[in-house]
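Each value in this text was obtained by applying a stated rule to the coordinates, not by laboratory testing. None of the values given here were measured: they were computed from a predicted structure. Cβ placement follows ideal geometry from the backbone for every residue including glycine, while neighbour counts extend to all protein chains displayed.
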Amino acid sequence: MVGRSGDRENLKTKEVDFMGRLPFIAGNWKMNKTVEETLALVRELKGSLKEIKEVEVAIAPPFTALHAAAQELKGSSIHLASQNLFWEEKGAFTGEISPVMIKECGCQYAIIGHSERRQHFGETDETVNRRIKAALNHGLKVIFCVGETLQEREQGVNFLVVERQIEGGLKDFGELALQNLVIAYEPVWAIGTGKTATPQQAEEVHLFIRQKIRFLFSPKIADELRIQYGGSVTPDNIKGLMEQENIDGALVGGASLNADSFSRIVRFKEM
Ligand code: 13P
């Protein structure tokens, strides 16, 4: 799925090199940027990321700017993602956006289960599961977000929470579905707070997620699965995170709103 032949001479040797997992950096713009602002940022990114190879890049502008972004991205290797979608194709669901519409806009990916959706919009493991299924059924790839709150970490239940989210979100899925899925581990306490998880804190959860996938699906699927870290990722901390064996990329919020900082994150190998 994500074949990659080149080297990563700037990173220390690690298992991930032999697994062929292509690093994946995605920018979640959240509720930021008008159409005009989106076009300006996309143009800048197209310029600054033109030469990028061996890192997959995606951006997730708001729904209203997806179509314009897709037009502007034509001919570029930057992928486009939606920040959510609804599971029905069409009908009386005021305010919702279907997978068909997301595909038509030119998206290759959908972010699903972001903690802000869970926290503010009543998203549950069950609705996350339905959304992921719908996205995959319509040929979209999915960035499936999981992560514990500060309270849950302090109570020592962070692994249990992530386990429940994975079991619930991926309920009734076969191995095939996992081939088009990326998991993003985003500890809620690290999102927008400037408090990044240390590379070691992130790595132990990523390893746990991979082991869980190995158990639920297969060793092959687990080895191929890309797991992104998200939560206050910046050009200054990306390298340390990417050096971890089980961290295959990042889902970037605030720092993805600026072409310079996002490009520097994408170019982590050059640091
Ligand atoms: P920040 O990078 O702003 O902490 O946001 C992370 C995030 O929620 C990405 O989905």
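Points to keep in mind about this one:
- Within the listed set Asn258, Asn129, Asn246, the residue fluctuating most in the Gaussian network model of the chain (springs between alpha-carbon atoms under 10 angstrom) is Asn258.
- Relative to one another, the C-alpha centroids of region 221-248 and region 57-93 are positioned 24 Å apart.
- Ranked for footprinting exposure by Cβ neighbours inside 10 Å, fewest first, Leu45, Leu251 give Leu45, Leu251.
- For region 128-185, Kirkwood radius (reciprocal of mean inverse C-alpha pair distance, Å): 12.0
- Based on Cα atoms of region 33-148, Rg over Rh with Rh as the Kirkwood radius reads 0.98.
- Mean separation of Cα pairs under 8 Å and 6 or more residues apart, divided by the residue count, gives the chain a relative contact order of 21 percent.
- Sites matching GluC sites (Glu not before Pro) across region 115-169 that sit in DSSP coil, with at most 10 neighbouring C-beta atoms within 10 Å: none
- Full extension of the segment from Phe215 to Asn32, taken as 0.36 nm per residue of separation minus the current Cα-Cα distance, would add 62.0 nm.
- Here is how the number arises for the chain: DSSP H runs of 4 or more residues each give -39500 (n - 2.57), the sum is divided by the residue count, and the result at 222 nm is -11500 deg cm²/dmol.
- Long-range tail of P(r) for region 205-271 (Cα pairs > 16 Å, %): 49
- Taking Lys30, Lys195 and counting other C-beta atoms within 10 Å, the order from fewest to most: Lys195, Lys30
- Take every pair of alpha-carbon atoms less than 8 Å apart whose residues are at least six positions apart; their mean separation over the length of region 32-152 yields a relative contact order of 21 percent.
- Cross-link partners of Lys103 among lysines (Cα-Cα below 29 Å; sequence separation of 8 or more within a chain): Lys30, Lys33, Lys46, Lys50, Lys53, Lys74, Lys90, Lys133, Lys141, Lys171, Lys220
- For region 95-161, Kirkwood radius (reciprocal of mean inverse C-alpha pair distance, Å): 13.1
- For the chain, with +1 on Lys and Arg beta carbons and -1 on Asp and Glu, the positive-most of Gly192, Asn237, Thr38 along the dipole: Thr38
- The chain, dipole about Cα centre (Lys/Arg Cβ +1, Asp/Glu Cβ -1), debye to the nearest 20: 380
- Residue among Gln108, Gly47, Gly174 farthest towards the positive dipole end of the chain, charges placed on Cβ: Gly47
- Per residue, the convex hull volume that the Cα atoms of region 137-251 enclose (Å³): 100
- Size descriptors for region 153-202, from the alpha-carbon set: Rg then Dmax equal 13.3, 37 Å.
- Counting other Cβ atoms within 10 Å as a rough exposure proxy, the listed residues Arg226, Arg267 run Arg267, Arg226 from fewest neighbours to most.
- Isotropic mean projected area of the C-alpha convex hull, the chain (nm²): 13.2
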